[in-house]
């Protein structure tokens, strides 16, 4: 079983649609949670951190359920520019707490159609 | 201004010919990471440095080595590249390595002929 599992995708949606990504993680000791965005042939870029209380950044809303080990990302009013791969990422403390090791999901490709 | 710089952006090497990828950072961060990302796969951590302390992942092949001569620079050495080592290699940094954001460089895409 993969440490971080995501919807297989790809998601093809029309502009203006609401799209939801789901993710589960297996390590209950995970301490930090993120959504990264990766454009084709580019590096991952942090979209938002995810907190237990849920957090929102404009059209993007992220939720975390520690009990279920489940993370979600909701994109409202999707734009053409939202087309990218969305990576669910979990941080675990490594090497006695000295550093944070990121475990990436394989990502879900979103294609927003005009 | 670029904060994490990787050179070259594209690297072509021959099967078995040693190759070195470079990463530099202007953030004065303590921790530098190297990831390997193969096509349609998740980035996978190879190793990282906390200051001068090297930390290897258990499943990183011996063919991959790293050097960090100073705070700003970190190198990834592939001693004998195989066809299966063709991938995007990503460098990332954090200040203290806790639950902070990792800043990624643009990556070096390696092609092995």
Checklist outcome for this item: To the nearest 0.05, the calculated FRET efficiency linking residue B:67 and residue A:3 through their beta-carbon distance, R0 being 30 Å, is 0.55
Item to check | C-alpha center-to-center spacing [the range B:20-87, the range A:1-22] in angstrom | outcome: 29 Å
Item to check | Hydrodynamic radius (Kirkwood) for the range A:1-91, which is based on Cα pairs only, to one decimal in Å | outcome: 13.5 Å
Checklist entry - If you wrap a convex hull around the Cα atoms of the range B:22-113, how much volume per residue is inside, in Å³? => result 101 Å³
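Arrange the following residues from fewest to most other Cβ atoms within 10 Å of their Cβ: B:5, A:75, A:103. Don't skip to the answer; put the middle values down first.
Numbers: B:5 16, A:75 23, A:103 20.
So the ranking, lowest neighbour count to highest, is B:5, A:103, A:75.
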Item to check | Ordering of A:50-58, A:29-37 by packing [mean C-beta count within 10 Å, highest first] | outcome: A:29-37, A:50-58
Checklist entry - Quick one: Kirkwood hydrodynamic radius for the protein assembly as shown, alpha-carbon pairs, angstrom, one decimal? => result 18.2 Å
Checklist outcome for this item: Nearest-0.05 FRET efficiency for residue A:28 and residue B:75 at R0 = 30 Å, using Cβ-Cβ distance, is 0.25
Item to check | Fewest-first sequence of B:29, B:48 by Cβ atoms within 10 Å of each Cβ | outcome: B:29, B:48
Checklist entry - Please report, for the Cα atoms of the range B:10-65, the Rg to one decimal and the Dmax as a whole number; what are they, in angstrom? => result 12.9, 35
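Laboratory data are not the source of any read-out in this text; all were calculated from the coordinates shown. A quick note: this is a predicted structure, and the numbers were derived from the prediction, not measured. All Cβ positions, glycine included, derive from the backbone under ideal geometry; neighbour counts span all protein chains shown.
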